[in-house]
1. Give me the percent of the accessible area of segment 63-115 that comes from carbon and sulfur atoms, probe 1.4 Å, all protein chains in place.
2. Work out, step by step, the length gained on full extension between residue 34 and residue 152: first 0.36 nm times the residue separation, then minus their alpha carbon distance; give nm to one decimal.
3. For the pair residue 174/residue 219, report the inter-label distance in nm, with labels modelled 7 Å from Cα in the Cβ direction.
4. How many angstrom lie between the Cα centre of segment 165-230 and the Cα centre of segment 15-30?
5. Averaging over every viewing direction, what projected area does the convex hull of the Cα atoms of segment 111-209 cover, in nm²?
6. Extension gain residue 319-residue 20, at 0.36 nm per residue separation less the Cα-Cα distance, in nm?
7. Using the alpha-carbon atoms, what tilt in degrees (0 to 90, nearest 10) does helix 214-223 show relative to the longest principal axis of the chain?
8. Could you give P(r) for segment 1-93, binned at 10 Å from zero, as whole percent values over all Cα-Cα pairs?
Amino acid sequence: MTKTNPGRFFEDYRVGQVIRHAVPRTVAEGERALYHALYPARHALYSSDEFASNCGLEGSPMDDLLAFHIVFGKTVPDVSLNAVANLGYAQGRWLAPVWPGDTLRSESQVIGVRQNSNGKSGVVWVRTQGLNQMDEPVLDYVRWVMVRKRDTDAPAPEAVVPDLAPVVAPEDLVIPEGLDFSDYDFGLAGEPHRWGDYQIGEKIDHVDGVTIEEAEHMLATRLWQNTAKVHFDATNRDDGRRLIYGGHVISMARALSFNGLANAQMIVALNGGAHANPCFAGDTVRAWSEVLDKAETDAPGVGAIRLRLVATKGDRAAFALKDGDGRYLPEVLLDLDYWALMPV
């Protein structure tokens, strides 16, 4: 009997199955520095203990997407080691800040399966929860992934496709305890634009671009302990190229969005997302955002803003997203819908 883990294939998943993922991970302060080295991340709440303290927190928490990547990475050996592609996200909520010294682990429950018509693969839906050392949930989200079959002759399971809400309702957003933007320092944050300055339907070109390097992508993927073969093994794809981890594109686009959305400080919900096209080393990533909605919160001085974040490759795409048939344009890498917290 082999002692190595070949990963799960599509026929290994059953609706209702619960998977506890290895290995717990203690998050040290150095990880913040490495995250900020990989991405041009500059949001003040995640950069300065003093700034965060003035906003009512005990100090600067770890970046919200850093927490997401850690929780996500733990699921890969059990959920997407044999993935063809990660397809999308929904119903994600950040439930509590992650602090330096916290230990994170992940659990997932299979909530849907559907075999593809080619009989060679299928789609698996899982709800993943990240928990800290006190077993308190810090993050909860759904994702779905296309996974290869081990045996193409294995019978197709009964299709179960979960009914997912398209948007996290504003009243379900979790505001960190104590967060208070009443005395927010716009000068130190980097921009004067507050919640009331943004209009629904407004689009923002974030101007800057970053060319993706193979070394940086590999460092990030190892940092998050993401073991998906398509990111490491160049022989795993017919074209001999390693696919850039989608989370790398998310963090790069979020960091680029600072220019125009510097005060969208905390991501608190992930309504939906799609990795529209593959990204490879050498691609230049740019980003633009669209304001989709706004909502008031009970926290002093804090408003919620719903944003669409789009990452593209190549030249600036002038807010183009889909063609006349509703298909993503080939230059679009990411279409992400999220709620963030901003001073009113």
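1. On the way: 620 of 1230 Å².
Heavy-atom surface of segment 63-115 belonging to carbon and sulfur, 1.4 Å probe: 51 percent.
2. On the way: separation 118, 0.36 × 118 = 42.48 nm, distance 4.22 nm.
Gain on stretching residue 34 to residue 152: 38.3 nm.
3. Here the answer is 3.2 nm between the modelled labels.
4. 23 Å
5. Numbers: hull surface 50.0 nm².
Hull-based average projected area comes out at 12.5 nm².
6. On the way: separation 299, 0.36 × 299 = 107.64 nm, distance 4.07 nm.
Gain in length upon complete extension: 103.6 nm.
7. On a 0 to 90 degree scale, this one is about 90.
8. 12, 34, 29, 17, 7, 1
The values are calculated or read from the model by the stated rules, or taken from the named source; none is laboratory data. Values in this document were obtained by computation on a predicted structure and should not be read as measured data. Cβ atoms come from the backbone with ideal geometry, glycine included; neighbour counts cover every protein chain shown. Keep in mind that these areas ignore ligands, DNA and RNA; they rest on the heavy atoms of the full protein, side chains included. Shrake-Rupley method; radii C 1.70, N 1.55, O 1.52, S 1.80 Å.
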